[in-house]
Amino acid sequence: MWSPTKAKGAAAAKKPEQQLFLAAVYALCLAAAVVGLARTHLLHNFRASPLCDGASCSVSSSLRGAQQLLREAARKVAAQHSEAMALGIPVQRLKYEKSMAGAPSGGGEDEEEEGGGADAVLEEVEEELAAAGADGRSQPAGTQRSEEEEEQEEQEVEAGSSRQEPPGGDEEGAEGEEEEEEAGRTSAPSPYQLAVEDCADLACLSKAGRLGMHPGQFRFPSFFIKCATTSLFWHLKNHPQVLAADNKEPEFFSDDCGYDPAACSRKDTRRYLFDTMRLGEAVEGGMRAAAVEASTHYGRNGHLLAAPVFPWLKVIISMREPISRAISMLAHNLDKHGSGCLTKDSVFKCLERDLQRDTYGRPFAAWLDAYPPDQVFLIQYENITSTAHGSDVLHAIKNRLGIDPELPGSDLGIRNTREYHLMRKGELKEGEQADGWPMKKWQYQSLVDMVRPDAQTVADLADRHGLADGRQWMRNWEAEWKATLEECGADGNCVVFPN
Ligand SMILES: Nc1ncnc2c1ncn2[C@@H]1O[C@H](COP(=O)(O)OS(=O)(=O)O)[C@@H](OP(=O)(O)O)[C@H]1O
């Protein structure tokens with residue numbers, strides 16, 4: 001029969017080596033139980049953490065989780081940054097140099113995009129992770145993402161709409177899915193591009209314009225040119241980053257829509273967008289060219305038409321000494337179309353009438369009311385056509401438009417001259433200069449007195465908005481007037497040539 005005393009006595013009766021063996025077995029069992037419990041507890045918590053992908057908690061999956069967390073954090077910084085920018089709160093920019101593909105620094109479309117500081121955070125996070133091979137897949141040489149691709153990714157984050165998490169948005173995705181996401185982010189069209197692909201009217205383009213773009217892309221249309229434009233239009237037409245309108249002066253908003261974008265018919269709008277402005281080609285080219293047109297009449301009421309529809313539009317306004325501008329335009333009407341009031345006998349009356357009606361100040365002020373000054377590029381015709389400054393002005397224009405300033409060259413070229421039109425009509429031989437316009441000295445002087453206040457208004461406005469040195473501007477035109485007056489004969493007769 002069994003009794004404790006007996007058992008004790010039996011245990012006590014065991015040999016010391018047997019006792020030692022049993023103690024070791026008990027200790028091992030205890031340790032195994034503790035380790036088992038701890039493992040179950042740790043795995044439970046660890047799998048629930050974003051550092052594991054749920055199925056495994058390997059070192060590489062944990063590092064991927066950490067990468068994801070850092071991305072999320074950077075995205076949050078980006079979102080807060082955008083919010084702050086929208087509220088007008090000053091946000092300190094971090095060290096961040098944007099090097100747009102093929103575009104000069106100092107004024108591209110994309111430089112208007114704010115948020116560099118937050119992007120820099122994201123960029124640095126991505127760089128650090130890539131350098132550390134934190135995704136557990138070190139990249140072989142030659143397969144690393146290019147700077148451009150990384151910038152595309154930043155832009156998408158900025159746009160905030162291109163990288164939506166999949167429904168149920170989990171971090172549990174398998175490695176393949178994550179790779180796909182990676183590839184999609186780097187080569188995907190920008191949200192802007194996707195939206196424009198479906199556009200066939202102004203409202204759609206207008207709405208799309210609020211979406212984010214990749215670096216090197218341009219909003220459509222990009223800019224209009226006004227005044228002394230033919231040479232500039234043709235120069236830019238030959239630029240690889242410019243998509244010039246099929247017709248230099250489509251006058252769509254003026255002639256087709258009566259300066260009211262809401263009144264443009266569907267048919268005319270489609271024709272303008274696709275045939276004239278080549279929207280289809282712009283989309284096919286990934287929106288990587290700046291679409292331009294140069295309708296002269298927009299100058300008068302440009303503020304009415306473009307600002308509500310294309311708030312991003314840039315405008316190049318070139319102004320010529322007003323009397324020369326009027327002579328050039330009236331002579332153009334006469335030589336090319338056989339119309340208008342200009343004849344050798346009616347010069348003064350015709351100019352007086354035109355200059356009273358066509359002023360610079362009012363429409364220019366309206367453009368400036370409608371557009372921020374950094375979208376208006378004001379040039380003095382006398383500067384861009386001068387041998388001393390012409391190529392610098394041209395360079396600056398292209399810089400401001402965000403296109404390579406070195407292309408297609410530094411020479412503006414010369415087109416649409418009076419001589420060209422007369423030669424075509426057989427009224428002038430090659431190398432000959434067209435006649436000037438007869439006027440009395442007092443007549444010319446009175447025209448100068450008439451246009452001076454308007455010129456001064458433009459100079460003051462340009463100065464106030466930081467667009468030009470107003471005083472220099474006036475000095476240039478005063479010099480033109482003085483030179484013309486000095487050419488007049490002692491008998492008070494002048495022959496006026498436009499500058
Ligand atoms: N590079 C250069 N240097 C000097 N002058 C130049 C240059 N390019 C154009 N022009 C002169 O600009 C005038 C034509 O201007 P636009 O093309 O704007 O005319 S238009 O309003 O579009 O019809 C026209 O002026 P006029 O000849 O006096 O009529 C052109 O001769």
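No lab work stands behind these numbers, since they all come straight from the coordinates. Only a predicted model underlies this, so the values are computations on that prediction, with no experimental measurement involved. For neighbour counting, all protein chains shown are included, and Cβ atoms are generated from backbone atoms with ideal geometry for every residue, glycine included.
Extension gain for Asn333-Glu427 works out to 32.3 nm (0.36 nm per residue, less the C-alpha to C-alpha distance).
Relative protection proxy for 293-304, 453-464, from highest mean packing down: 293-304, 453-464 (other beta-carbon atoms within 10 angstrom). By definition, a body whose alpha carbon gyration tensor gives a ≥ b ≥ c is oblate when a/c is 1.5 or more and a/b is not larger than b/c, and the stretch 215-331 fits this oblate description. Label positions at Asp246 and Lys344, each projected 7 Å from the Cα along the C-beta direction, are separated by 4.3 nm. Local charge for Pro438 was computed over the other residues whose Cβ lies under 15 Å away, with Lys and Arg +1 and Asp and Glu -1, and equals -1. Say the cut-off is 18 Å between C-alpha atoms; which of Lys336/Lys425; Lys344/Lys441; Lys226/Lys267 go over it? Over 18 Å apart, Cα to Cα: Lys226/Lys267.
Amide H of Lys440: which non-local residues (sequence gap of 5 or more, or other chain) have their own amide H closer than 5 Å, using H built in the peptide plane? Amide H neighbours of Lys440, under 5 Å, 5+ apart: Cys494.
With the simple spin-label model, which puts each label point 7 Å out from Cα in the Cβ direction, the His389 to Asp256 separation comes to 3.7 nm.
Note down the net charge around Val283, summing +1 for each Lys or Arg and -1 for each Asp or Glu among other residues with Cβ under 12 Å from its Cβ. Provide the component values of the computation, followed by the final result.
On the way: positive: Arg278, Arg288; negative: Glu197, Asp198, Glu281, Glu284.
Computed value for this residue: -2.
Starting from the Cα gyration tensor of the stretch 196-496, multiply each eigenvalue by 5, take the square root, and state the resulting semi-axes largest first in whole Å.
Details: eigenvalues 247, 83, 74 Å².
They are 35, 20, 19 Å, listed largest first.
Please give the net charge around Phe252, taking every other residue with its beta carbon less than 15 angstrom from that of Phe252, where Lys and Arg add +1 and Asp and Glu add -1. Local charge sum for Phe252: -2. Here the stretch 206-227 and the stretch 440-499 have alpha carbon centers that stand 36 Å from each other.
The phi-based Karplus calculation (6.51 cos²θ - 1.76 cosθ + 1.60; θ = phi - 60°) puts the 3J(HN,Hα) values of the stretch 251-256 at 6, 5, 5, 7, 6, 7 Hz, whole numbers, x for Gly and Pro.
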